[in-house]
Amino acid sequence: MITNKNIDQIIKKVKQCIKKYEQPVLERFNKKLNDPYWVLISCLLSLRTKDETTEIATKNLYKAAKTPQQILKLPVKKLKKIIYKTGFYNNKAKAIINVSKKILEEFNGKVPDNLKDLLSLHGVGRKTANLVLTVAFNKMGICVDTHVHKICNRWGYVKTKTPDETEMELRKKLPKKYWKKINNYLVLFGQNICLSISPLCSKCPVEKYCPKIGVIKRR
Ligand code: SF4
């Protein structure tokens, strides 16, 4: 079982294991552009799509328009065409337009740097808001996506049904020093080792501690 008695050891092993993998697209964009608006846009585009697809769409959109003003000047048809491959492009285009409008009208053209205001933006849920806070502003937050939710439950570290519930449990028990980075660690770990279907337990550095809760098939 993984508890707060061994969490330091577990995270150390996970960090060591993910060193060789490429950073998630959002972190790379943030390093390159250093612009919270693009962390937010990239996050909106990444919903239910693969990292590679998000990366191409974000790059193409950035080529076409760099600021909320420029995004709003793009013909909607062109915007949809650029983001088409990320899926759910109608909803995503709507979210990008609404978010850009609100940022201009209510936040002086700047992405807000607090959870409450971020959550007031159309299409921004807790996952996206926490990711923008932690990645773009280096502020405290816990971003729980499917990987964090799945792995923390497999570990028996939490027992929850939804990512939002997991976030609330982690806020109660995860040492604060891991809040900002837990998403980064577990996304890479989940994409490469603790896969959704048939995780690679035989290659996993925390296998001997993990109760593998809910894992039916593993390799
Ligand atoms: S042992 Fe298997 S289920 Fe547990 S963390 Fe490792 S890969 Fe995931």
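No value in this document is a laboratory result; all are computed from the given coordinates. Here the structure is a predicted model, which is why all the values come from computation and not from measurement. All Cβ positions, even for glycine, are placed from backbone atoms using ideal geometry, and neighbour counts span all protein chains on display.
Which whole-number percent gives the relative contact order of the chain, counting Cα pairs below 8 Å spaced six or more residues apart?
Relative contact order for the chain comes out at 23 percent.
Say each of Lys59 and His122 gets a label point 7 Å from the Cα, pointing the same way as Cα to Cβ; how far apart are those two points in nm?
2.9
May I ask you to compute the full-extension gain from Thr49 to Asn114, defined as 0.36 nm times their residue separation minus their alpha-carbon distance, rounded to one decimal in nm? Spell out each step's value before the answer.
Values: separation 65, 0.36 × 65 = 23.40 nm, distance 2.59 nm.
So the chain would gain 20.8 nm between Thr49 and Asn114.
Assuming R0 = 22 Å, what is the FRET efficiency of Thr67 and Lys177, from their Cβ-Cβ distance, to the nearest 0.05?
Values: r = 35 Å, r/R0 = 1.60.
Between Thr67 and Lys177 the formula returns 0.05.
Across the stretch 21-134, how large is the tail of the calculated P(r) beyond 17 Å, expressed as a percent of all Cα pairs?
49
Set the bar at 30 Å for Cα to Cα. Now go through Lys59/Lys212; Lys31/Lys159; Lys101/Lys127 and name every pair that lies beyond it.
With Cα atoms farther than 30 Å apart: Lys59/Lys212; Lys31/Lys159.
Determine, from the Cβ-Cβ distance of Lys139 and Asn91 and an R0 of 30 Å, the FRET efficiency 1/(1 + (r/R0)^6), rounded to the nearest 0.05.
0.65
GNM, the chain, Cα, under 10 Å: largest mean-square fluctuation among Arg126, Arg48, Arg28?
The residue with the greatest mean-square fluctuation here is Arg48.
Of the options Ile213, Cys152, Leu115, report the single residue whose Cα projects farthest towards the positive end of the charge dipole of the chain (beta-carbon charges: Lys, Arg +1; Asp, Glu -1).
Ile213
I need two numbers for the chain: Rg to one decimal and Dmax as a whole number, Cα atoms only, in Å.
Radius of gyration, then largest Cα-Cα span, for the chain: 18.0, 55 Å.
Is the shape of the stretch 65-132 rounded, prolate or oblate, going by the alpha carbon gyration tensor and its root eigenvalues a ≥ b ≥ c, with a/c under 1.5 for rounded and a/b larger than b/c for prolate?
oblate
About the Cα centre, and with charges only on the beta carbon of Lys, Arg (+1) and Asp, Glu (-1), how big is the dipole of the chain? Nearest 20 debye, please.
Values: 46 positive and 17 negative charges, 108 e Å.
Taking the Cα centre of the chain as origin, the dipole is about 520 debye.
Pop a pseudo-label 7 angstrom from the Cα along the beta-carbon direction at both Lys81 and Lys161 and give the gap in nm to one decimal.
In this crude label model, Lys81 to Lys161 measures out at 4.5 nm.
If you find the alpha carbon centre of the stretch 177-197 and of the stretch 104-172, how far apart are they in angstrom?
14
Would you calculate a helix-derived [θ] at 222 nm for the chain, using -39,500 (n - 2.57) for each DSSP H run of n ≥ 4 and dividing by the full residue count, to the nearest 500?
When only DSSP H runs of four or more count, the value is -16000 deg cm²/dmol.
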